[in-house]
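Encoded as structure tokens, the structure appears first; notes follow it.
Values in this text are rule-based calculations from the coordinates and carry no lab data. Since the structure is predicted, the reported quantities are computational estimates derived from the model, not experimental observations. Ideal geometry is used to build each Cβ from the backbone, glycine not excepted, and the neighbour counts take in all protein chains shown.
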Amino acid sequence: MENITIYMEEESGERTPLEVPTDMGMNLMEILKSYEYPIEAICGGMALCATCHIEVLEGEVGERTEAEEEMLDTLFNTEENSRLACQIRPNDSNHQMVIRLLGEDD
Ligand code: FES
């Protein structure tokens with residue numbers, strides 16, 4: 001099993017390292033749920049609910065998908081680096097990436 005490490009910036013500002021598999025076909029939403037982050041994923045990863053909304057603070061995850069762009073357009077708390085975790089399949093280039101959970105809106 002291949003793992004990379006990404007960091008979740010918690011509300012306290014602390015960064016929690018997460019071991020993330022890159023060879024299990026899991027998207028980032030599924031991985032974050034497995035770490036028990038409060039993501040409802042009502043749409044099952046179809047870019048339709050935004051409960052998996054994250055901000056990428058450091059690192060590069062490529063372009064947003066079209067469906068992702070449309071969903072993010074409807075939110076009040078979308079940032080320049082906003083992404084939907086369900087649309088990201090972590091790979092080696094995401095090693096050391098830092099993210100923050102934003103959710104639907106707040
Ligand atoms: S799980 Fe619904 S948008 Fe990502």
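What nm distance separates the two modelled labels at SER93 and ASN81, each placed 7 Å from Cα along Cα→Cβ?
1.7 nm
Once Rh for the chain is found with the Kirkwood sum over Cα pairs, what is the Stokes-Einstein diffusion coefficient at 4 °C and 1.567 mPa s, in µm²/s?
Estimated diffusion coefficient is 95 µm²/s.
Restricting to Cα pairs below 8 Å that are 6+ residues apart, what does the relative contact order work out to for segment 3-101? Please round to a whole percent.
Here the relative contact order equals 41 percent.
Suppose the chain between ASP105 and GLU63 were pulled fully straight at 0.36 nm per residue; how much longer would it get relative to their current alpha carbon spacing? Don't skip to the answer; put the middle values down first.
Numbers: separation 42, 0.36 × 42 = 15.12 nm, distance 2.19 nm.
Residue separation times 0.36 nm, minus the Cα-Cα distance, leaves 12.9 nm.
Helix-derived [θ] at 222 nm for the chain: sum -39500 (n - 2.57) over DSSP H runs of at least 4, divide by residue count, nearest 500?
-3500 deg cm²/dmol
Cβ under 14 Å from ALA67's Cβ, ALA67 left aside: what net charge do those residues give with Lys, Arg +1 and Asp, Glu -1? Spell out each step's value before the answer.
On the way: positive: ARG64, ARG83; negative: GLU63, GLU66, GLU68, GLU69, GLU70, ASP73.
Its environment carries a net charge of -4.
Take peptides 69-79, 94-104 and line them up by average Cβ neighbours within 10 Å, highest first, as a rough protection proxy. Could the numbers behind the result be given before it?
Working: 69-79: 14.2, 94-104: 17.6.
So the order, starting with the most tightly packed, is 94-104, 69-79.
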